[in-house]
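Right, one structure below, let's go through it.
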Amino acid sequence: MKLFRLDRLAWVFMRVSGVVLIVLIFTHLTVNLMQDGGVKAIDFAFAAGKLANPFWQWFDVTLLWLALIHGSNGMRVVIEDYVYRPGLKRGLLVSLGVSAATLIVLGTLVIFTLDPCPAGSPADLLPSFCAAG
């Protein structure tokens with residue numbers, strides 16, 4: 001009974017997260033590609049400037065988390081449906097969980113800790129938009 005409830009919640013999550021992901025992805029594409037010169041304007045300065053704003057940090061973290069959890073849940077369903085050997089199935093599910101968790105943690109750390117202009121760095125190694133000194 002508990003497994004049925006978990007599968008039902010996963011099914012509902014896939015539908016809801018899919019709709020939210022569509023909105024997030026098109027917003028992401030619109031902001032990044034349809035403004036001020038399109039794809040040519042996207043460089044390190046653009047990304048670092050965006051990630052300096054808390055709104056865009058939370059937007060990107062939401063997109064990252066939903067995409068990774070949504071995709072991992074889809075892969076879980078594929079593994080459950082097509083892998084019949086119990087040991088292999090368990091190994092694949094554990095690998096999937098570890099890789100998804102690792103990507104979520106690393107991606108979240110990058111989004112919230114990116115500092116393109118660290119104090120004390122040599123000026124010749126800093127990007128051009130960082131103030132010298």
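Values quoted throughout were computed directly from the atomic coordinates according to the rules given, and no laboratory measurement underlies them. All values reported here derive from a predicted model rather than from experimental measurement. Here the Cβ positions follow ideal geometry from the backbone for every residue, glycine too, while neighbour counts run over all protein chains shown.
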Cβ crowding within 10 Å averaged over residues, with 12-20, 57-65 ranked highest first: 57-65, 12-20
Listed values (1) 159; (2) 147; (3) 132, entry calculated as volume of the Cα convex hull per residue in Å³: (1)
Thr30-Met75 FRET efficiency (beta carbon distance; Förster radius 25 Å; 0.05 resolution): 0.35
Estimated dipole of the chain in Debye, rounded to 20 [Cβ of Lys and Arg +1, of Asp and Glu -1, Cα centre]: 820
Under 24 Å from the Cα of Lys50 - lysines, other chains or at least 8 residues apart: Lys40
Extension gain (nm, one decimal) between Phe44 and Ser95, 0.36 nm per residue minus Cα-Cα: 15.1 nm
Computed label-point distance, nm, for sites Asp124 and Tyr82 using a 7 Å Cα→Cβ extension: 5.3
The chain: most fluctuating residue of Ala119, Ala100, Ala41 per GNM, C-alpha cutoff 10 Å: Ala119
Stretch gain in nm, segment Ala52-Asp7, where the contour uses 0.36 nm per residue and the Cα spacing is subtracted: 12.4 nm
Residue order, fewest to most surrounding Cβ atoms within 10 angstrom, among Arg76, Arg5: Arg5, Arg76
Ellipticity estimate at 222 nm from DSSP helix runs (n ≥ 4, -39,500 (n - 2.57)) divided over the chain, nearest 500: -26000 deg cm²/dmol
